[in-house]
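A quick write-up on the structure given underneath.
The values are calculated or read from the model by the stated rules, or taken from the named source; none is laboratory data. Nothing here was measured: the structure is a model prediction, and the numbers come from that model. In this analysis, Cβ positions are derived from the backbone assuming ideal geometry, glycine residues included, and neighbour counts consider all displayed protein chains. When the accessible area is computed, the model is the full protein with side chains, heavy atoms only, and any ligands, DNA or RNA have been set aside. Shrake-Rupley method; radii C 1.70, N 1.55, O 1.52, S 1.80 Å.
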Amino acid sequence: MDTGQRRQVLIYLVMIGLNLLVLPRWFSPGRFGLGTRLVFIGVQALLIALCAWQISRVMGVNPFSKLKHPVYIPYQGSDDEEPEIADTPPMLTLAEDPEPPYGEFMATPRTAADLRIAVQRYYDALDQDDLDAVLEGFSGDVLYRRPGYDTIVGIDQLRSYYAEERRLAPGRHLLRDVLVEENRVAAHGAYEGRTVDGEQTAVGFAAFFVFDANGRISEHTTFFFIPAV
């Protein structure tokens, strides 16, 4: 804050102090009527508020500004058009893939960054409707829990689910947060696209992953942000 700004802040503080000294006198009965006193009380309260706002403006803090949050733009397209993969980069900063499309899964315990990449690859594969790449990330005896479905056990049941039962068409998954603790990952984001019936949709989700020693998903649980109870 420069000298001029400090001088402005001091002036406004003095004005606030003077108004605070005078303001209590208008609360007690005197030679002025109640209506007159209420008018002067309102004027002085307004002056105090304006001075406080000017101080915040000079100091670069606007109490009336709204916090900005990420805004998801729903997928727009015609009924005959397949959803396109978003051109915007993922919200996570990920290392480049070793080789297209997804490279080799590591056969050793992963670092936190490796697990984040694995989760991002999983959602990329879903968005590209690449079933083989999706299943590549899971162990053979995977457990997959999803509200509204029986627990999926094993890679064959998982393949059947993605090929025949999944109600979401290829769209795009936007990850907002991916948290890693040892071999467990929690992800939070939103899906934008269509259902298999062609209905356009945008819905938030939370997902949980457990990775085995070979770096593949051994447990997966997904929840969607929709009204339930």
Original post:
Given 118, 95, which one is modelled with pLDDT under 90 and within 24 Å of the chain's Cα centre (by Cα)?
Top reply: 95
Original post:
Within the stretch 118-164, can you find the residues that are part of a strand (DSSP E or B), without any contact (Cβ under 8 Å) to a residue 60 or more places away in the chain and not hydrophobic (A, V, I, L, M, F, W, C)?
Top reply: 140
Original post:
Given the residues 198, 193, which is the only one that is over 30 Å from residue 111 (Cβ atoms) and in a loop (DSSP other than H, G, I, E, B)?
Top reply: 198
**OP:** Please specify each residue of the stretch 129-162 satisfying the condition of being open to solvent by 70 Å² or more (accessible area, probe 1.4 Å) and either touching a helix residue (DSSP H, G or I) at 6+ places or on another chain (Cβ under 7 Å) or of a type in the set (A, V, I, L, M, F, W, C) (or both).
**Re:** 153, 159
